[in-house]
Amino acid sequence: MYKIPLFDLNYSKEEEEAVLKTLRSKWISMGPNVSKLEEEFAKHLNIKHAIAVTNCTAALHLALKILGIKEGDEVIVPSLTFVATVNAVRYVNAIPVFADITSYEDFSIDPADIETKITSRTKAIIAMHYGGFACDMNRIMELAKKYNIFVVEDAAHAPDSEYNGNKLGTIGDIGCFSFFSNKNITCAEGGMLATNNDEYAKKANLLRAHGMTSLSYERAKGHATKYDVIELGYNYRMDDIRGALALTQFKKLKEDVKKREKLRQIYLKELENIDNIIILYKNHPYKSTNYIFPIVLKNSNVEKRDRIRQKLAEAGIQTSVQYPAVHRFSIYEKYKVDLPITEYVTDNEITLPLFYNLTTNEIKYISKTLRNIL
């Protein structure tokens, strides 16, 4: 066991009680908790529709289906992301086109590189807000308008992040959020699709539940006695146990984000005079959820990075690499592309611990240990 883990759950008796209440209600599939979560999340985003699904991967898949992305279409994606961002493109038989990130200090997909990758077959861009920090959405939306293409926001890291006064996930055509076990809001597995478009929301509600015209909870309440199946849909429904967990976690989101910002500031102070590391998003002007705290080693290589991680582990500090470059995975070899900044970063990035209950003394210990190793 590590002395300081990479992440730790911000769970308490509130989550336990929410689950017990749901179990005792005898209704555990999608029901009132999920409906309440959708209502509260839509209000939080100041958006018309929030549709709960099994995970963010499902939300991304549904987003591309709803937007009509199909076989032979091209979708521009980052390579520095979790593989689900790109897998969703393959689920609809479209072609992922990898773009580089902006810089060693900004891991957002680069709008300038996006534009060089746009062809007559490009139908969408997926903008992934790395670590909860906003991409250059003004430039991305300008490109979308100029070339008549859709924008899907992968806001898995960013349930409370902002850009020019708007919540991330509400700027493009569809936003996708994650409630995975290590996210700001967690119910083990879960996700949300957000949109202001009534037709997209109607389609999402249909496709997440086998293409059925009514749901079992509605029928149980007597609002419907029969249903038709009008689309080839999926079983992407969130159950009410996870709905209860996510709803409880959602109530903690504001405090979680506030605490993480304080922890980030402590890290910045403790690491400020280490010359051979790069700290990301130092002058980022917008609110961020601070989902993770990544650093990049200067004048380094993958072997050196891995040795440093090993020494941190020996000191009881768990770290991670977020993420391996997707275009290097075997399954994506045929989409080979040169992404020099992404490739350097994926070989030399270290994700340090960051979570609600992390203490000032623990950050000081992590920083001092890293300084000594370097």
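No lab work stands behind these numbers, since they all come straight from the coordinates. Note that the structure is predicted; figures quoted are calculated from it, not measured. As a convention, Cβ positions derive from the backbone with ideal geometry for all residues, glycine included, and neighbour counts pool all protein chains shown.
Here is how the numbers come out for the structure above:
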| read-out | value |
| --- | --- |
| Furthest towards positive pole of dipole, T116, S12, M1, structure part the chain, Cβ charges | S12 |
| Charge sum, other residues only, whose C-beta stays under 10 Å from R305's C-beta, Lys/Arg counted +1 and Asp/Glu -1 | -1 |
| Residue-by-residue Karplus 3J(HN,Hα) for the stretch 92-106, coefficients 6.51, -1.76, 1.60, Hz, glycine and proline x | 9, 6, 8, 10, x, 10, 7, 10, 7, 8, 5, 6, 6, 9, 9 |
| Partners for K117 among lysines (Cα-Cα distance below 17 Å; same-chain residues under 8 apart left out) | K145, K146, K334, K336 |
| Folded to 0 to 90 degrees: helix 56-66 orientation relative to the chain principal axis, Cα | 60 degrees |
| Proximal lysines relative to K252, as straight alpha-carbon distance under 25 Å, when same-chain residues fewer than 8 apart are discounted | K13, K21, K36, K43, K48, K167, K183, K262, K287 |
| Exposed trypsin sites (Lys or Arg not before Pro) absent: longest stretch of the chain, with sites in DSSP loops and at most 14 other Cβ within 10 Å deemed exposed | 122-220 |
| Sites E17 and N196 - FRET efficiency at Förster radius 41 Å, r taken between beta-carbons, to 0.05 | 0.75 |
| Derived scalar couplings ³J(HN,Hα) [the stretch 332-341; Karplus, 6.51 cos²θ - 1.76 cosθ + 1.60; whole Hz; x for Gly, Pro] | 10, 4, 6, 9, 3, 7, 9, 10, x, 6 |
| Most mobile listed residue (S330, S300, S108) in the chain, GNM with C-alpha springs under 10 Å | S330 |
| Net charge dipole size for the stretch 254-373 [Lys, Arg +1 and Asp, Glu -1 on Cβ; Debye, nearest 20] | 340 debye |
| Sequence-distant residues sharing a close amide H with D100 (under 5 Å, placed H) | D110 |
| Under 13 Å from the Cα of K368 - aspartates and glutamates, other chains or at least 8 residues apart | E270, E272 |
| Lys/Arg +1, Asp/Glu -1 at C-beta; the chain dipole; positive extreme among N283, F293, A99 | F293 |
| Magnitude of the charge dipole, the chain, Cβ model with Lys/Arg +1 and Asp/Glu -1, debye to 20 | 740 debye |
| Computed lengthening from E261 to S330, 0.36 nm per intervening residue step minus Cα-Cα distance | 21.1 nm |
| Integer Hz, Karplus 6.51/-1.76/1.60 couplings in order for the stretch 70-78, x for Gly and Pro | 9, 3, x, 6, 10, 10, 7, 9, x |
| Where a label projected 7 Å from the Cα of K48 along Cα→Cβ would reach, residues of the stretch 163-190 with amide N under 16 Å | 170-175 |
| Helix 302-314 vs. the chain, principal-axis angle (Cα, 0 to 90°, nearest 10) | 90 degrees |
| The chain: angle of helix 240-271 to the longest principal axis, Cα-based, in degrees nearest 10 | 20 degrees |
